[in-house]
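Have a look at the structure below, then the notes.
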Amino acid sequence: MPERRTVALVTLGCARNEVDSEELAGRLAADGWDLVEDASDADVAVVNTCGFVEAAKKDSVDALLEANDLKDHSRTQAVVAVGCMAERYGKDLAEALPEADGVLGFDDYADISDRLQTILNGGVHASHTPRDRRKLLPISPAERQDAAVALPGHAQEAPAPAQEAPAPAPEDLPEGVAPVSGPRAPLRRRLGTSPVASVKLASGCDRRCSFCAIPSFRGSFISRRPSDVLQETRWLAEQGVKEVMLVSENNTSYGKDLGDIRLLETLLPELADVDGIERIRVSYLQPAEMRPGLIDVLTSTPKVAPYFDLSFQHSAPGVLRAMRRFGDTDRFLELLDTIRSKAPQAGARSNFIVGFPGETEADLAELERFLTGARLDAIGVFGYSDEDGTEAVGYENKLDADTIAERLAHISQLAEELTSQRAEERVGETLQVLVESVESEDDGEVATGRAAHQAPETDGQVVFTTREGLVPGRMVEAKAVGTEGVDLVAEHHELAEAAR
């Protein structure tokens, strides 16, 4: 029997990339590849790159170079780039980084097995010429659903190319691979055992923020059908997932191309009713698109986390207008007040850009005013950098690198202080915590998890005072008794009751 082909997937970037990696894993497993965790044990190392900002692109290049180094002293024979950076730069990346044996775009995902086999055999698959993916879909959102465009993570109904083999029947798939509903529907195989998994709600974005290049390589906004989202959530529950996080570039636009901008409000209760699911979390919300009905559902539906990942980016009106965004400090604070009037323990987080072209000291002070009053649980801060193909590249009044670095350090320090204070405000609260890990450390075993106001990776966590009775995947009631920076220290309910 010939030796089986092995592949490792190295994922960088956001939760959307993690979903894409599990789709690639499902397609490869269905075609007979063995998935391994360590790239040094793989015939092919596939690096799912991030193309968001300069630092992320550097991390992606470093990961590709690190994988390439394995070819001299391990099983690894080929290194392949996929993901946003590969899609964004295509043949330009291939020419600039010859260490990558292949650079595959989103159009290659449906044929990922053949592409990797060609490369492994010493062949060459020509990388695509970069282009604006927004132009691949109709301008009118209502006309996008039937477009035959590759959308990672979508179960598309468009017919497959004539030469593509029929999709395998569910009974023919390897154990642990999601069943499919059509020839272009995504396969999926989990790449870990976490009780948390992301599900794509949509892809692309119709907003035209002057600093962001994502729509150019992810394309225009297109929703997944509710039935596909429900089917995938049910399958994840069967795999032991307890919390599902809905991801896209802009979840508040969900349904607009399906004829109902309020579709998310009806979908969330259905997802929460899926057997085995303990919590549904929604990420990537646009403040300008928040509506009363969505706030009501997010703050009152059992098993739906009252969690608001709001993309504020700044709060000074002049900076926001230059960013082609809307709002100001007072309107943003009013939005947060509305949310907390309905759910006082609601979680809120956001990201901010400092040093944007034309940002003044007064603008920075306005941002500080907002941050001080917002009581956010988590704050991400980025220094502005020019991104290829964005409007802001051509703006005047660019700040010098030293000024941007100074402002970044200042706001980052403020953010750290404010989020630590917000964690202290939560001491005494009763929390619903999903246990995620129980690990051995020098001073014993430590159990950690996340409360409703804490998303995976981006926010803090809950550290339990003892691991007794705790196992990954269990949802427990706990009381916050202390803090460690942005993290909470908590006693789970049985121990708190016994101590009374």
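Results, tabulated for the structure shown:
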read-out	value
Per residue accessible area of the chain, 1.4 Å probe, in Å²	42 Å²
Sites Glu477 and Leu414 - FRET efficiency at Förster radius 41 Å, r taken between beta-carbons, to 0.05	0.80
Under 9 Å, Cβ to Cβ, from His314 - net charge with Lys/Arg +1 and Asp/Glu -1	-2
Approximate spin-label separation Glu54-Arg234, in nm, with each point projected 7 Å along Cα-to-Cβ	4.9 nm
Antiparallel DSSP beta bridges within the chain, percent to nearest 5	40 percent
Listed peptides 55-65, 85-95, 251-261 by packing density, highest first (mean Cβ within 10 Å)	85-95, 251-261, 55-65
Approximate spin-label separation Asp34-Arg225, in nm, with each point projected 7 Å along Cα-to-Cβ	3.8 nm
Extended-chain gain in nm, criterion 0.36 nm per residue less alpha-carbon gap, Asp146 and Glu406	88.7 nm
Local electrostatic count at Cys14 - Lys and Arg +1, Asp and Glu -1, tallied over other residues with Cβ under 15 Å	-3
Alpha-carbon centroids, segment 216-233 and segment 42-89: separation in whole Å	26 Å
Entries of Lys242/Lys479; Lys58/Lys479; Lys57/Lys135; Lys256/Lys303; Lys57/Lys479; Lys58/Lys200 with Cα pairs more than 30 Å apart	Lys58/Lys479; Lys57/Lys479
Gyration tensor (alpha-carbon) shape descriptor, segment 67-148, a/c threshold 1.5	prolate
Fraction of beta bridges assigned by DSSP in segment 296-397 that are antiparallel (%, nearest 5)	0 percent
Under the Karplus curve 6.51 cos²θ - 1.76 cosθ + 1.60, θ = phi - 60°, whole-Hz ³J(HN,Hα) for segment 290-304, x wherever Gly or Pro sits	5, 10, x, x, 5, 4, 4, 5, 5, 9, 10, 8, x, 6, 8
Size of charge dipole - segment 304-446 - debye, nearest 20, with Cβ of Lys, Arg +1 and Asp, Glu -1, no other charges	880 debye
Dipole-positive endmost among Ser216, Leu285, Tyr254 within segment 213-320 (Cβ charges, Cα centre)	Ser216
Cα centre as origin, Lys/Arg/Asp/Glu Cβ charges: segment 58-128 dipole, Debye	80 debye
Share antiparallel - DSSP beta bridges, segment 322-448, percent rounded to 5	45 percent
Cysteines not pairable in the chain (beta carbon separation under 4.7 Å absent)	Cys14, Cys50, Cys84, Cys205
Residues in segment 327-354 that a label on Thr372 would reach, taking backbone N under 12 Å of a point 7 Å out along Cα→Cβ	none
Contour minus Cα-Cα distance for Val124 and Glu439 (0.36 nm per residue)	109.0 nm
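The values are calculated or read from the model by the stated rules, or taken from the named source; none is laboratory data. Keep in mind that what you see is a predicted model, and the values were worked out from it rather than measured. Heads up, the Cβs are rebuilt from the backbone with ideal geometry, glycines too, and the neighbour counts pull from every protein chain shown. Quick note on the areas: whole protein, heavy atoms, side chains included, nothing else; ligands and nucleic acids left out. Shrake-Rupley method; radii C 1.70, N 1.55, O 1.52, S 1.80 Å.
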